[in-house]
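One structure is given here, and the rest of the page talks about it.
The values are calculated or read from the model by the stated rules, or taken from the named source; none is laboratory data. What you are looking at is a predicted structure, and each value in this text was computed from that prediction instead of being measured. Cβ sites come from the backbone with ideal geometry, for glycine too, and all protein chains shown count toward neighbours.
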Amino acid sequence: MTSAAQLSDSDVTGDIASAVAAALTAIDEDSWTVSTQQRGVLLTAADGAVLRMRIGRHGTETGRLIVACESPSDARDVPGAEALRARATADPARPAARIAADLHRRLVEPYRAARPAAREWRRAADARTAAEESILAEVRSNLAGLRGQVRRGADGVGAGVLLHSAHPHAGPIDQVHVAEPSLEHEIRAAHANREVGGIGASPLYTEVRLRVHPRLLPDLSRALAVLGWAADISSVPAHQCPHSHEPLCRHGHDHRAIAER
């Protein structure tokens, strides 16, 4: 008889896997078939349940029969569904009927019990992702004429638009944060700016952070696009001009005449 240590994956395919599949078919409500892949042998039930089988080659599992559930394509990456990723080991010398009965109890039944809820979670997650991507696609389209980029991201990543999947907001707008505006780039000369922070003559931008419901992003992006095209930031209102000490400033304001009104 071939020892467990001498078994190869081809032996599993030809001997153990076929015998276990037949034994599973005898006790299960669905028939099981065997197929060989590079990473082991697959036992597949008619309802889509899949077990991967191989012989262990390392550590305490050397020579043991290792059987693991394959997460189904319609329920992949489901958090908390450990039954879809469970595994078990067995002595390959045991009778196939006993191995099959053990696998059916420990793996197949919990796998099938967890699959409907996992499948529904996956459908909902895929639908949510599609809806979020649709929102971002519309935002990209609305902002296509402006410089910059719109991409999905999380806090700290530096994304142009942050799209939060969770909605803990009490209303459509949860929070507005406006950093302190600064117009000092209009006061300092270019050489002075380069000496302070190395920013040259570039303007200092005011950062505005909004926590909004994702459904508002398309309307918000349209408003930003209109502002981006229509706003003339080179035109400074007199009451916002930082050069009121100059009789006739670089922005064309006659501050003396304004003060005498």
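Quickly run through region 30-57 and pick out the residues that are assigned to a loop (DSSP other than H, G, I, E, B) and more than 16 Å from R115 (Cα to Cα).
S31, Q38, R39, G56, R57
Just the residues that are at pLDDT 85 or above, of a type outside the set (V, I, T) and in contact with a Phe, Trp or Tyr (Cβ under 8 Å, 6 or more places away or on another chain), please, taken from region 56-78.
Correct list: C69 only.
Considering (1) part of a helix (DSSP H, G or I); (2) surrounded by 14 or more Cβ atoms within 10 Å (Cβ to Cβ), say which one A93 fails and leave the rest.
Failing condition for A93: (1).
I need the full set of residues from region 31-70 which are crowded, with 17+ Cβ neighbours inside 10 Å and among the acidic types (D, E), in order please.
E70
Which residue, of A113, A86, is of a type in the set (A, V, I, L, M, F, W, C), surrounded by fewer than 18 Cβ atoms within 10 Å (Cβ to Cβ) and touching a Leu at 6+ places or on another chain (Cβ under 6 Å)?
A86
Of the residues A22, A17, A83, A26, which single one is under 29 Å from the mean Cα position of the chain (by Cα), at pLDDT 85 or above, assigned to a helix (DSSP H, G or I) and in the same structural domain as A97 (by TED's automatic domain parsing)?
Among A22, A17, A83, A26, only A83 is under 29 Å from the mean Cα position of the chain (by Cα), at pLDDT 85 or above, assigned to a helix (DSSP H, G or I) and in the same structural domain as A97 (by TED's automatic domain parsing).
Yes/no matrix, rows are residues, columns are (1) hydroxyl-bearing (S, T, Y); (2) at pLDDT 70 or above; (3) outside any loop (DSSP other than H, G, I, E, B):
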position	(1), (2), (3)
N193	no, no, yes
G197	no, no, no
T206	yes, no, no
L210	no, yes, yes
L224	no, yes, yes
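So which of A93, A101 ends up being closer than 30 Å to I16 by Cα, among the small types (G, A, S) and at pLDDT 95 or above?
A101
Residues of region 58-76 being assigned to a helix (DSSP H, G or I) and in contact (Cβ under 8 Å) with a residue 12 or more places away in the chain, which ones?
The answer is E61, D74, A75.
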